[in-house]
Structures are given as structure tokens and as C-alpha cells.
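J.: One structure coming up, written as C-alpha cells, with questions to follow.
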Amino acid sequence: MKPADNKHDDINAGHDRRDDMRSVFARHRGWLLLTTVLLFTTMLAGVGLLGLSGGFLTGAALAGALGMGATFNFFSPSAGIRGLTMMRIVSRYFEKLVGHDATLRIARDLRVWFFRRALPLAPARLGSSRTGELLARLISDISDVDGAVVRAVGPLLALVGIASAAVLAAALIYWPAAVWLAVLALLVGLGVPVLAVRRGEAGEALRVQHRASLRTLAYEGLEGVADLTALHARDAWAQRVEASAGQLAVADRRRRQRLINGNVLHSMLSGLGLVGMLWLALSAFEAGKVEAPLAAGLIFLTVALLEVAAGSSLAWQALQSARVAAGRLQQIVDQSPAVLDPVQPQAVPSAPAVLSFENVVFAWPGETRKLLDGVDLQLAAGERIAIRGDSGCGKTTLSALMLRLWDPEQGAIRYGGVDLRQFAQEDWYRQIAWLPQGAPVFAGSIAENLRLGDPQATDEAMWSVLEQVRLQQWAQQQGGLSAWVGENGATMSAGQARRLALARALLRNAPLMVLDEPTEGLDVDTAHALLTDLAAALGERSLLMISHGELPEGVVQREYRLHRGQLLQG
């Protein structure tokens, strides 16, 4: 590896460290901290309310039974109860408000972060991942991660604070009760959840895998429903979906069973803890060490702490799910891009220049067969050439190298005498208008699809390119540029969708145009007419066309044939 490549790796590694998942949460740390404080306040108010109410009711009952009404302090405890009640209501409301707001903001930023980090990996690194799998990570995994602080970390931190406050309050009343309460808090707040989720990470990973598999099958089934119907394979596909759903259901049941086991253990320990605290409180009262209202307060304080700790297993499980999901997201974005920007990129020549392939060699990773083996080619400014060959011979690979989706193993591709690897990718992409095989038509209007080629395009410019690809009359019949074309061009024929994608490429003001099978899906007469119009519409732009079919006279100036990795003229 060249020293320059090492610098590239260091720069990208540094970029990844600054743009990691933690940075997304760090941007919202103020709201997350406020959510945790509000959650702690809500729990503290609830625990204090139950403890104070228990002591107050016990004192009032004893005062009434013993005729001690004149010496019983009624106003202070009742004022405290009203204050704690109001504090709990207000903090609960704002905790939900702020927590939901923070979660939604994090979910938004996590999706943007994941898309931003994954985009440079397409198509080279993401080509091995199924679309449904990527969607599962973008939707389900991020959903597990975005609420990690609000659903898991925040409640667990608040529980630690509540347990500490409860133990401190108990210590002020009777220190043996504080020791017992501390032991009980460790058992139900830490011991039970750890046992409940013990060895659950592998099961959680399997559950996430089953969920992703189900989403993938459902997505691919909906996308390919026409083919499945034509091949009479819908029932078989439905059975695969049902089997995947069954596997997910089993994993969900195991997950719920772990929670149920934790709840059972929590209930058993809670019962023993209450009995122990009852014995301590009664013994202390009998020995005259604690007054009756305070002894009752210790018991109710224990009840409140046990109630708060009941959700700790769920919080630990949410944390476990978030860890697994975060690992799956990092597994995608931590891949190294197939191509990297230089440390100090050179400016792309402002004037149209010569594009040259110089002894280019390329084979797909893991394969020994060379798709391109010493290819030499020159495309002068304003020149139009075509490359033909059998399927799988490497024609599309040639265009992928020109687009810098991959870099050559040997040789170089130069523009204006400068290796493409010396340009910033963003700067180089501005020089190219590309029409790939299977170019997508996006759900939206005709104008929205066209403006992907040029966001600033005027209506006049869009009508002009529609006329060049013979779609003007169709667009007028549909209702104009604002007409909806549907998901994947559902309202269009295959030929119309192809021509709309070509119009989008023509609209892009770039000196180089790369067309991969531009007439695919068109009849011969329409294809020839389209290519003839295309030659006139190109103007001074250079054209590299990949095509299987015969081309009309005058469309290109030179033709090549790619055979066994070699580029042959004619």
C-alpha cells in the first residue's frame, strides 16, 4: 500500500471517530440530562409520597385511637403530601414531553447519520447487503437505539439515585433498616435484572436477525409480486414469510419469558424484603428506638422502592437490545469505502478535456478472472464513442471505474492528464451525467424526477428535454410537469420510464455523459429515433455509450468491442 493510502485511512478513521454514534447523542445531552433529572424527580416524589403518606396515616390512626389529637401534627405532613403530589404530576408531564422530544430528535439524527455514513459505501460495500436488511437496520435497529437513554440508561441512573436517597432517609430513622434497604435495593435493582437478562444477548441478536429476515422477505415479496405471480410462486413465498414470522414469534416468547422469570424473582425477593423490614420496624418500635409513624414510614418506603425497581428488568433488556442494534449499525458504517478522497485534492479542469484509460486492469474482489486486462481508451472532448460486447464481459465495469465507484487495480484513468484519484469525488461527479441500467423512477412528479439531474432547472428546460426524448406529448396528457408518476414509475411503461431517466441525464449540465443501454425497453424504431435525437442534443458534450444493439449512422464516431478483457476497435 502506498504511503498516501495510509494517510487516507488515517483521515477517514479520524473522521469516523468524530462522526460516530456517540456524537449523535452528545448533541442532545442537555435534553437527555433534563429527561433523567425529571425522571428522578418523578420517582423521588412517588417514593416520598408513599413513605410520607404511610407515616401520616399511621400517626393519624394512632392519635385518634389513643385520644392524642391535640398533640398530633396534622398540617405539616398534609402539606408535604400535597406538595409531593403536585411535584409528581408536573415532573411526570414534563418528563414525558421532554423525553419524547429528545427521542424523536435522536431518531431523526441517527437516520441521517446512518445514511450519511452508509452512502459512500454504495454500491461497492453495500452490494452484498440485501435492501430489506438495510431497511431493517435503518428502521428497526435505530428504533432500538434512539430510546436507549430514555428507556434504559435514564431509568437505571434514576433508580440508583432513588435507592441512594431511600437508604439515606432510612439511615436518618434507623440505621439497621438502611442496611437492609441497601441490600434489598442491590438484589432487586441489580441482581434480578442481571439474572433475567443473563446470556440474553445471543438470544437478542438472534431475535433481531429473525426480525430483519422477516422484513426482508416482506419487502422483496412486495417488490417482486408481479414476478412471483407470473411464476406461480406466491404461495411458496407466503410460506417462507410465515416460517420467518414463526421464528420471530418464538424469539419474542423467549424474550418475554426472561422478563416473566425476572418478575417472579422480583416478587419473591420483594415479599422477603417487606417481611424483613416489617420485623426490623416493629422490633425498633417495641424497643422504643423508633416512633410508630416513622416505623410505618420505613415499611412504606420499602414498598415504594420495590415498586420503582420493578421496571429495572425491562430497562436492562432495553439496554441489551440497544447494544445489539448499535453493533449491527456499526457493522455497516465501519466498513472502509472502496474509494477515498485524496488528502489535498486537485481542481478538476474547468474546460472539457480528454478522458483516458491507460493500461487499466480490474477484477472483482475475491475473483481471479480479470474483467479488464490492459484496457487503453481515449475519449476526446466532444467525442462520442460506443462500447459493445457480450453480457458479463465488463462493459458496465468500465463505466463504474469511470464513475470512481471502484479504482483500477493497475493502470490509471485520467482526465486532462490528471489521475481521477487526485480529484475529490464530489468534484468529479459534477462532470458526469449518468444513465445506468435499470435507472430508477422515483415516487413523485415528473418535475421532481427531472430535477434530480438539475435542481435549478426551469420549466422550459424540462419541457425541452422531454421533447428530445419524445415524452412531451405523454407528459401533457398526464397533466404536465406536476403529474404523479408513482412508485418505480408505476403509471409508466418500461420504455417511458427509460426515456424519463434519459431526460434526467440530459438535463444535467455536465461535460461527460455515460449511457448504459439507453434504449433498453424500447422498440427498434423508437430506439433509433431517440438515439438520433440524442446525438443532436449532446452539443459539445462527450459521450461514452454502452449498448448491445446496432446504432444508427452518425450517433457515435467510434465503436469498440470488449472481449476477454481487451478493448478492440470496430
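J.: For GLU520, are the conditions met, namely being open to solvent by 20 Å² or more (accessible area, probe 1.4 Å), over 27 Å from GLY394 (Cα atoms) and not in a strand (DSSP E or B)? Steps first, answer last, please.
T.: Values: open to solvent by 20 Å² or more (accessible area, probe 1.4 Å): yes; over 27 Å from GLY394 (Cα atoms): no; not in a strand (DSSP E or B): yes.
So GLU520 does not fit the description; no.
J.: Which residues, taken from region 325-360, are polar (S, T, N, Q) and open to solvent by 80 Å² or more (accessible area, probe 1.4 Å)?
T.: Keep residues of region 325-360 that are polar (S, T, N, Q), which gives 330-331, 335-336, 344, 346, 350, 356, 359.
If the condition is that a residue be polar (S, T, N, Q) and open to solvent by 80 Å² or more (accessible area, probe 1.4 Å), then GLN331, GLN344, GLN346, SER350, ASN359 are the ones that fit.
J.: Right, something else. Take region 500-517 and flag every residue that is buried (at least 19 other Cβ atoms within 10 Å of the Cβ) and modelled with pLDDT under 85.
T.: If the condition is that a residue be buried (at least 19 other Cβ atoms within 10 Å of the Cβ) and modelled with pLDDT under 85, then GLU517 is the only one that fits.
Each row is one residue, and each column tells you yes or no for (1) among the hydrophobic types (A, V, I, L, M, F, W, C); (2) modelled with pLDDT under 85.
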site	(1), (2)
LYS289	no, no
THR302	no, no
SER312	no, yes
TRP316	yes, no
GLN331	no, no
ASP334	no, no
ASP341	no, no
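J.: Name the single residue that is farthest from GLU426 (Cα to Cα) among those in region 392-413 being at pLDDT 85 or above and in a loop (DSSP other than H, G, I, E, B).
T.: Top of the filtered list is GLU409.
J.: Here's a follow-up. Would you tally the residues in region 202-240 being open to solvent by 60 Å² or more (accessible area, probe 1.4 Å) and touching a Gly at 6+ places or on another chain (Cβ under 7 Å)?
T.: Counting residues in region 202-240 that are open to solvent by 60 Å² or more (accessible area, probe 1.4 Å) and touching a Gly at 6+ places or on another chain (Cβ under 7 Å) gives 2.
J.: Looking only at region 124-141, count how many residues are touching a residue at least 60 places away in the same chain (Cβ under 8 Å), touching a helix residue (DSSP H, G or I) at 6+ places or on another chain (Cβ under 8 Å) and not charged (D, E, K, R).
T.: 9
J.: Against the condition exposed (fewer than 13 other Cβ atoms within 10 Å of the Cβ), more than 18 Å from GLN437 (Cβ to Cβ) and within 44 Å of the chain's Cα centre (by Cα), how does GLU540 come out, does it pass?
T.: When the stated conditions are applied, GLU540 passes them.
J.: Let me ask another. Select, from ALA322, ALA363, the only residue that is among the small types (Gly, Ala, Ser), more than 30 Å from LEU187 (Cβ to Cβ) and open to solvent by less than 70 Å² (accessible area, probe 1.4 Å).
T.: That would be ALA363, the only listed residue that is among the small types (Gly, Ala, Ser), more than 30 Å from LEU187 (Cβ to Cβ) and open to solvent by less than 70 Å² (accessible area, probe 1.4 Å).
J.: Over 35 Å from the mean Cα position of the chain (by Cα), of a type outside the set (Ser, Thr, Tyr) and under 25 Å from PRO123 (Cβ atoms): is that true of PHE357 in this structure?
T.: So PHE357 passes the test.
J.: Is it the case that ALA281 is within 26 Å of ALA196 (Cβ to Cβ), assigned to a helix (DSSP H, G or I) and not hydroxyl-bearing (Ser, Thr, Tyr)?
T.: No.
J.: Now for a different question. Among the numbered conditions (1) assigned to a strand (DSSP E or B); (2) surrounded by fewer than 20 Cβ atoms within 10 Å (Cβ to Cβ); (3) touching a residue at least 24 places away in the same chain (Cβ under 8 Å), tell me where LEU568 comes up short.
T.: Status for LEU568: all satisfied but (3).
J.: Moving on to the next point. I'd like to verify a number: residues in region 198-246 that are assigned to a helix (DSSP H, G or I), within 23 Å of ALA326 (Cα to Cα) and free of Cβ contacts under 8 Å to residues at least 12 places away in the same chain, how many?
T.: Residues that pass the stated criteria total 2.
J.: Please go through region 416-425 and pick out each residue that is open to solvent by 10 Å² or more (accessible area, probe 1.4 Å), of a type outside the set (S, T, N, Q) and touching a residue at least 60 places away in the same chain (Cβ under 8 Å).
T.: GLY416, GLY417, VAL418, ARG421, ALA424
J.: Select, from GLY64, GLY30, the only residue that is over 30 Å from LEU405 (Cα atoms), open to solvent by 30 Å² or more (accessible area, probe 1.4 Å), modelled with pLDDT of 90 or more and part of a helix (DSSP H, G or I).
T.: Exactly one residue qualifies, and that residue is GLY30.
J.: Another one. Can you find, within region 414-430, the residue that is farthest from TRP364 (Cα to Cα) among those that are outside any loop (DSSP other than H, G, I, E, B) and aliphatic (A, V, I, L, M)?
T.: Residues of region 414-430 that are outside any loop (DSSP other than H, G, I, E, B), as a first pass: 414-415, 418-423, 425-429.
Filter again for aliphatic (A, V, I, L, M), leaving 418, 420.
Values: VAL418: 25, LEU420: 19 Å.
Looking at the filtered set, the residue picked out is VAL418.
J.: I've got another one for you. Within region 102-112, is there a residue that is open to solvent by 40 Å² or more (accessible area, probe 1.4 Å), closer than 30 Å to ASP341 by Cα, at pLDDT 85 or above and aliphatic (A, V, I, L, M)?
T.: Here is the first cut: in region 102-112, the ones open to solvent by 40 Å² or more (accessible area, probe 1.4 Å) are 104-105, 108, 111-112.
Filter again for closer than 30 Å to ASP341 by Cα, leaving 108, 111-112.
When the remaining residues are screened for being at pLDDT 85 or above, the result is 108, 111-112.
Applying the additional criterion that residues be aliphatic (A, V, I, L, M) yields 112.
Checked region 102-112: at least one residue is open to solvent by 40 Å² or more (accessible area, probe 1.4 Å), closer than 30 Å to ASP341 by Cα, at pLDDT 85 or above and aliphatic (A, V, I, L, M).
J.: Then there is this: List the number of the failed condition for ARG258; all other conditions in (1) of a type outside the set (Asp, Glu); (2) surrounded by 15 or more Cβ atoms within 10 Å (Cβ to Cβ); (3) at pLDDT 85 or above hold.
T.: (3)
J.: Continuing with this model, one more query. Six or more apart or on different chains, Cβ atoms under 6 Å: show the pairs whose first residue is in region 77-97 and more than 14 Å from VAL47 (Cα to Cα) and assigned to a helix (DSSP H, G or I) and whose second is modelled with pLDDT of 85 or more and not acidic (Asp, Glu).
T.: Taking only residues 6 or more apart or on different chains, the pairs are PHE94/LEU38; GLU95/LEU38; GLU95/LEU39; GLU95/THR42.
J.: Another one. Condition test on ALA536, is it at pLDDT below 85 and hydrophobic (A, V, I, L, M, F, W, C)?
T.: Numbers: at pLDDT below 85: yes; hydrophobic (A, V, I, L, M, F, W, C): yes.
Yes: the conditions hold for ALA536.
J.: Within the bounds of region 263-286, is there any residue that is of a type in the set (S, T, N, Q), in contact (Cβ under 8 Å) with a residue 24 or more places away in the chain, farther than 22 Å from SER164 by Cβ and open to solvent by 70 Å² or more (accessible area, probe 1.4 Å)?
T.: Yes, the conditions are met somewhere in region 263-286.
J.: Hey, another quick one. How many residues are among the basic types (Lys, Arg), at pLDDT below 85 and closer than 21 Å to VAL145 by Cβ if we restrict to region 1-27?
T.: Of the residues in region 1-27, 2 are among the basic types (Lys, Arg), at pLDDT below 85 and closer than 21 Å to VAL145 by Cβ.
J.: Right, here's the next one. Return only the number of the condition from (1) touching a strand residue (DSSP E or B) at 6+ places or on another chain (Cβ under 9 Å); (2) open to solvent by less than 10 Å² (accessible area, probe 1.4 Å) that LEU471 does not satisfy.
T.: (1)
J.: Quick check: is even one residue across region 457-468 modelled with pLDDT of 90 or more and of a type in the set (Phe, Trp, Tyr)?
T.: Scanning region 457-468 turns up at least one residue that is modelled with pLDDT of 90 or more and of a type in the set (Phe, Trp, Tyr).
J.: Now for a different question. Here is a list: ILE413, ILE446. Which entry is under 30 Å from LEU481 (Cα atoms) and surrounded by 19 or more Cβ atoms within 10 Å (Cβ to Cβ)?
T.: Step by step, each of ILE413, ILE446 is checked, and only ILE446 is under 30 Å from LEU481 (Cα atoms) and surrounded by 19 or more Cβ atoms within 10 Å (Cβ to Cβ).
J.: Mind checking which residues of region 366-410 are on the phi > 0 side of the Ramachandran plot and surrounded by 19 or more Cβ atoms within 10 Å (Cβ to Cβ)?
T.: Across region 366-410, the qualifying residues are GLY389, GLY394.
J.: So which of TRP428, TRP463 ends up being open to solvent by 60 Å² or more (accessible area, probe 1.4 Å) and not polar (S, T, N, Q)?
T.: TRP463
The values are calculated or read from the model by the stated rules, or taken from the named source; none is laboratory data. What you see is a predicted model; the values in this text were computed from it and never measured. Positions of Cβ are backbone-derived with ideal geometry, glycine not excepted, and every protein chain shown enters the neighbour counts. The protein model used for the area step is the full one, side chains on, heavy atoms only, and it has no ligands, DNA or RNA in it. Shrake-Rupley method; radii C 1.70, N 1.55, O 1.52, S 1.80 Å.
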